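Here's the structure, in structure tokens; my notes come after.
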Amino acid sequence: MNGFWAVFKRELKAYFSTPVAYVFLVIFLFFAGYLPFREGFFELRQADLNLFFQILPLLFIFMVPSTAMRLWAEERRTGSIELLLTLPITVPQAVLGKFFAAWAFLAIALVLTFPLPAAVFYLGEPDPGLIIAGYLASFLMAGGFLAIGSFFSALTKNQVVSFILSVAACGILVYAGMPSTLEYLSDMLPDSVLSVIESLSIQIHYDSLRRGVIAAADAAYFLILIAAWIYASMFVVEERKAS
Amino acid sequence: MIEVQQLTRRFGPIVAVDRISFNVQKGDILGFLGPNGAGKSTAMKMLACFLSPDSGTATVCGYDIIRQSLQVRRSIGYLAENAPLYPEMTVAGFLHFVCDARGLKGAVRREAIERIVPLCSIQNVYHQTIDTLSKGYKRRVGLAQALIHNPPVLILDEPTDGLDPNQKHEVRQLILKMAKEKAIIISTHILEEVEQICTRAIIIARGRILVDSTPQKLQQDYRGTLEEVFRKITLGKKTA
């Protein structure tokens, strides 16, 4: 456990001792506040955060890979991976330590969107259960994207390449389940394939979770997604650490 | 304390380390000599459990480097070739991170840091960001990291590289001072260093051990300075 906590603490501190955290937080919070209003937050005349949670996946497609891209790529480029893995820290401990530190950082970013729910509570009487479910779903989605980002970061020494690959992978997972995409695909593919695509996509599970339907299947989807990509990251780090 | 048997590592078609075998006892300072690309760093990386060997085995303090890699890493202090560190951390933060990873807590940690900081002469930069340090200081922070848990085995890849003559002298004295209690392997290009501190010298080229002897004996056998011996052995393929 020493290894895990050492990596976790170091990584979380590293976000705040470089400009990374502040640049990320400013840009994320700006768009998280601006986009719902542009999409007609007031015009809807509803005291809820539906719009905000609808927009989050799009924002996360770009923001989460930008947090994840440095996880391993930077470590390998500067050679500090040799220091890290010759300390008594196992590869699974290091991968998990980095992943949970980045996830904790994204949780901080989500918590800092509190003025939005505060405004909604001030303006009306929203359902607090829905807001909590929304945040929980967003947190799980962030974890899923982060696990994907961790994998692509381990794959390459180049942060830009890792960023682009993870944006593409996250984008596919979100857009595959969008109604417009499914409608388009329905002309070409049989229904059985279509329903597989839909159930593999992040969108449908995220939507049902944030609507307050806490179904075991949806939560399990995210946990399996995270576990699978993290396991793959461990494998890649072990294989390519010295190359 | 270190036993290496037939250790081999390939990178594609290149055999970086080719069936090397040697032992290092407590009290030994083994100097690893060889031209660039001879396989010194690869061999050291395998002993530090960063690279896995393709064949052959090695044990450190009785632990197998493949099956008991965690125990091996606990008993080793390793300084990698370019002393990679985390540039955004302060020296203090970095040493605390290493203590975290090595499970040094409370009073033990305080003692370790109080011992190591003056030993490596880094008290002046203790609160500075590593990014802002000169090459010599970075190297000494790397050395502090390798020594902080007082390991029985030290593997130092070019420990005096990038230091000025005074600092080189200090580091050599430091290594000599610790030698009685430990088994030490250092790699170096500086032949006078080998003469001054090493009790044994291994010359390695193209992945193979050409000579395993002592600096004094080498000079007697080949009748010349260590530099001449080095050139004779590594260039004149069959003279040895």
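The values are calculated or read from the model by the stated rules, or taken from the named source; none is laboratory data. Given the structure is predicted, the values throughout are model-derived calculations rather than measurements. Cβ placement follows ideal geometry from the backbone for every residue including glycine, while neighbour counts extend to all protein chains displayed. Protein only, heavy atoms only, side chains kept; ligands, DNA and RNA dropped before computing areas. Shrake-Rupley method; radii C 1.70, N 1.55, O 1.52, S 1.80 Å.
Might you check whether a residue that is in a strand (DSSP E or B), aromatic (Phe, Trp, Tyr), within 14 Å of chain A (Cβ to nearest Cβ) and closer than 30 Å to A:Ala14 by Cα occurs anywhere in the range B:56-78? Within the range B:56-78, one or more residues are in a strand (DSSP E or B), aromatic (Phe, Trp, Tyr), within 14 Å of chain A (Cβ to nearest Cβ) and closer than 30 Å to A:Ala14 by Cα.
The residues listed here are A:Pro57, A:Pro36; of these, the one that is more than 14 Å from every other protein chain (Cβ to nearest Cβ), assigned to a helix (DSSP H, G or I), at pLDDT below 90 and surrounded by 16 or more Cβ atoms within 10 Å (Cβ to Cβ) is A:Pro36. The lone criterion from (1) more than 24 Å from A:Thr18 (Cα to Cα); (2) in contact with a strand residue (DSSP E or B) (Cβ under 6 Å, 6 or more places away or on another chain) left unmet by B:Ala107 is number (2). For the range B:141-214, the strands (runs of 3 or more DSSP E) that sit wholly inside it and include 3 or more residues that are closer than 28 Å to B:His96 by Cβ are B:153-157, B:183-187. Out of curiosity, is A:Ala21 surrounded by fewer than 16 Cβ atoms within 10 Å (Cβ to Cβ), touching a residue at least 60 places away in the same chain (Cβ under 8 Å) and more than 10 Å from every other protein chain (Cβ to nearest Cβ)? So A:Ala21 does not fit the description; no. Restricting B:Ile185, B:Ile190, B:Ile233 to residues that are β-branched (Val, Ile, Thr) and within 13 Å of the chain's Cα centre (by Cα) narrows the list to B:Ile185. One residue stands out among those in the range B:111-165 that are among the hydroxyl-bearing types (Ser, Thr, Tyr) and touching a helix residue (DSSP H, G or I) at 6+ places or on another chain (Cβ under 6 Å): the one that is surrounded by the most Cβ atoms within 10 Å (Cβ to Cβ), which is B:Thr160. What are the pairs with Cβ atoms under 6 angstrom where one residue, in the range B:143-162, is touching a residue at least 12 places away in the same chain (Cβ under 8 Å) and within 13 Å of chain A (Cβ to nearest Cβ) and the other, located anywhere, is open to solvent by 10 Å² or more (accessible area, probe 1.4 Å) and acidic (Asp, Glu)? Sequence gap at least six, or different chains. Final answer for the pair search is B:Asp157/B:Glu81.
Evaluation of B:Leu226 against the conditions (1) over 23 Å from B:Cys99 (Cα atoms); (2) open to solvent by less than 50 Å² (accessible area, probe 1.4 Å); (3) touching a residue at least 40 places away in the same chain (Cβ under 8 Å) shows that the sole unmet condition is (3).
Here is a check on your reading of the model: is A:Gly177 more than 14 Å from every other protein chain (Cβ to nearest Cβ), in contact with a His (Cβ under 9 Å, 6 or more places away or on another chain) and either among the β-branched types (Val, Ile, Thr) or crowded, with 17+ Cβ neighbours inside 10 Å (or both)? Yes, satisfied.
For the range B:195-208, name all the residues that are open to solvent by 50 Å² or more (accessible area, probe 1.4 Å) and of a type outside the set (Lys, Arg). Listed by number, the residues that qualify are B:Glu195, B:Gln196, B:Thr199. Of B:Lys217, B:Lys182, all but one fail to be surrounded by fewer than 17 Cβ atoms within 10 Å (Cβ to Cβ) and basic (Lys, Arg); the exception is B:Lys217.
I want to confirm something. Restricting to the range A:209-243 and keeping residues that are at pLDDT below 90 and touching a Gly at 6+ places or on another chain (Cβ under 8 Å), which single residue is most open to solvent (accessible area, probe 1.4 Å)? Ranking the candidates gives A:Gly212 first. Look at (1) buried (at least 22 other Cβ atoms within 10 Å of the Cβ); (2) hydroxyl-bearing (Ser, Thr, Tyr); (3) over 20 Å from the mean Cα position of the chain (by Cα) and you find that A:Tyr122 fails only one, number (1). Of the residues contained in the range B:31-44, none is found to be in contact with a helix residue (DSSP H, G or I) (Cβ under 9 Å, 6 or more places away or on another chain), within 13 Å of another protein chain (Cβ to nearest Cβ) and among the aromatic types (Phe, Trp, Tyr). Among residues of the range B:87-104 being facing chain A (nearest Cβ under 9 Å) and not in a helix (DSSP H, G or I), the one that is nearest to B:Ser75 (Cα to Cα) is B:Gly103.
Kindly indicate whether A:Ile148 is closer than 30 Å to A:Glu75 by Cβ and either open to solvent by 30 Å² or more (accessible area, probe 1.4 Å) or within 13 Å of the chain's Cα centre (by Cα) (or both). It is true that A:Ile148 is closer than 30 Å to A:Glu75 by Cβ and either open to solvent by 30 Å² or more (accessible area, probe 1.4 Å) or within 13 Å of the chain's Cα centre (by Cα) (or both). Go through the range B:1-52 and give me each residue that's assigned to a loop (DSSP other than H, G, I, E, B), under 10 Å from B:Gly207 (Cβ atoms) and within 15 Å of the chain's Cα centre (by Cα). Once the filter is applied, which keeps residues that are assigned to a loop (DSSP other than H, G, I, E, B), under 10 Å from B:Gly207 (Cβ atoms) and within 15 Å of the chain's Cα centre (by Cα), the range B:1-52 yields B:Gly34, B:Gly39.
For the range A:68-112, what are the residues that are buried (at least 19 other Cβ atoms within 10 Å of the Cβ) and either outside any helix (DSSP H, G or I) or in contact with a strand residue (DSSP E or B) (Cβ under 8 Å, 6 or more places away or on another chain) (or both)? The answer is A:Met69, A:Thr86, A:Leu87, A:Pro88, A:Ile89. Restricting A:Tyr206, A:Tyr135, A:Tyr184 to residues that are closer than 24 Å to A:Leu116 by Cα, in a helix (DSSP H, G or I) and open to solvent by 30 Å² or more (accessible area, probe 1.4 Å) narrows the list to A:Tyr135.
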